[in-house]
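Structure first, commentary second.
Read the figures in this text as sums done on the coordinates, not as results from a lab. Just so it is clear, the structure is predicted and the values come from calculations on it, not from any experiment. Note: ideal-geometry Cβ built from the backbone for every residue, glycine included; neighbour counts use all protein chains shown.
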Amino acid sequence: MLELKNITVEVEGKTVLGNISMEIQDGEKFALFGPNGSGKTSLLMAIMGFSGYLVTTGSIVFNGTEINKLSTDERARLGIGLMFQRPPTLKGVRLRQMLDVVKSKGFNTQGEAAKFNMEGFLDREINAGFSGGELKRSELFQLLASSPTLALFDEPESGVDLENMELVGRMMNSILRTKDGNSALIITHTGYIFEYVEADRGCVLVGGQVHCFGNPRDILDTVREHGYEGCVACHRKRPKKSHNRK
């Protein structure tokens, strides 16, 4: 579904990601771990096509089509959706109005709002005065309404208390079940969200480079025991497999 081919990303003339390559298959839930400042959010912004995140080399391919030159709204119309880590406040715009613009055919705003305790948010200005957990729920509800083929989640557990974590996980699972074969790229540096959402595969992003592709829980266990640098060092020191037959 998504293929990054040796992309390098610059922000304000500075290289923040170098030669990133990865693939996300149809229906795959992919976890991206990394410490703060490692370039995780920049990667999502580049995939989504936000201004200021310049892909200087390589290509981004979505469902077989290179999207490097497409605008952000064109990428959204193709089926890519983003949950911001720190979404902006939209004064004068009610959540209900936004949902009317982005919702997919057949989405029942009132019914879905009742399911996820969002009724009280529908007529509030988007993100105005919201707590950390409320911000995430608002973002997820908009994503649920738009029913993306590829969902990009930027640290969904950040700023969420334990009481709301289960609800955030439930909303994410609903998003990922809205279409057969839809996929996700889930950014995290704590891994807490994977107590509620199952990931199929993952990797570590450190210093603008990707490392250690494998089982997300194994990666997370290694990071918890040795830290991110320890995880990457382990990968670098791993002996190469011999191709000699005995």
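Quick check for me: using +1 on Lys/Arg Cβ and -1 on Asp/Glu Cβ, what's the dipole size of the chain about its Cα centre, in debye to the nearest 20? Display every interim value, and only then the final one.
On the way: 30 positive and 30 negative charges, 163 e Å.
Roughly 780 debye for the chain.
Ordering of 75-88, 140-153, 108-121 by packing is 140-153, 75-88, 108-121, highest average first (other Cβ atoms within 10 Å, averaged per residue).
The candidate values are (1) -0.43, -0.63, -0.75, -1.36; (2) -0.49, -0.70, -0.82, -1.36; (3) -0.53, -0.77, -0.90, -1.45; the one derived from this structure for log10 I(q)/I(0) by the Debye sum over Cα atoms at q = 0.10, 0.12, 0.13, 0.17 Å⁻¹ carries the label (2).
Determine the gain in length on full extension of the stretch Val11-Leu162; use 0.36 nm per residue of separation and subtract their C-alpha separation, reporting nm with one decimal. Present the calculation step by step, with values, prior to reporting the outcome.
Values: separation 151, 0.36 × 151 = 54.36 nm, distance 3.43 nm.
Length gained between Val11 and Leu162: 50.9 nm.
Ranking Asn164, Ala151, Gly64 by how far each Cα lies toward the positive end of the dipole of the chain (charges on Cβ) leaves Gly64 at the top.
Count the DSSP beta bridges whose two residues both fall in the chain, then state the antiparallel fraction as a percent rounded to the nearest 5. DSSP beta bridges in the chain are roughly 55 percent antiparallel. Calculated mean residue ellipticity, 222 nm, the chain: -10500 deg cm²/dmol, from DSSP H runs (n ≥ 4) at -39500 (n - 2.57) each, averaged per residue and rounded to 500.
For Asn182, the residues whose amide H sits under 5 Å from its own are Gly27, ignoring neighbours fewer than 5 places away on the same chain, with H placed 1.01 Å from N.
Across Leu99, Leu205, Leu90, mean-square fluctuation computed from a Gaussian network of the chain (C-alpha pairs under 10 Å connected) peaks at Leu90. A Förster distance of 35 Å, applied to the separation of the beta-carbon atoms of Asn117 and Asp26, puts the FRET efficiency at 0.65.
Using θ = phi - 60° in the Karplus curve 6.51 cos²θ - 1.76 cosθ + 1.60, the 3J(HN,Hα) couplings for the stretch 74-86 round to 5, 5, 5, 5, 6, x, 9, x, 10, 9, 5, 6, 10 Hz; x is entered for Gly and Pro. The GNM of the chain, with springs linking C-alpha atoms under 10 angstrom apart, assigns the highest mean-square fluctuation among Glu163, Glu66, Glu155 to Glu163. Taking a point 7 Å out from the Cα of Lys91 in the direction of its Cβ, the residues of the stretch 104-145 whose backbone N falls within less than 20 Å of it are 123-131, 135.
Could you tell me the relative contact order of the chain? Use alpha-carbon pairs under 8 Å, at least six residues apart, and round to a whole percent. Display every interim value, and only then the final one.
Values: 446 pairs, mean separation 62.1, N = 246.
In percent, rounded to a whole number, it is 25.
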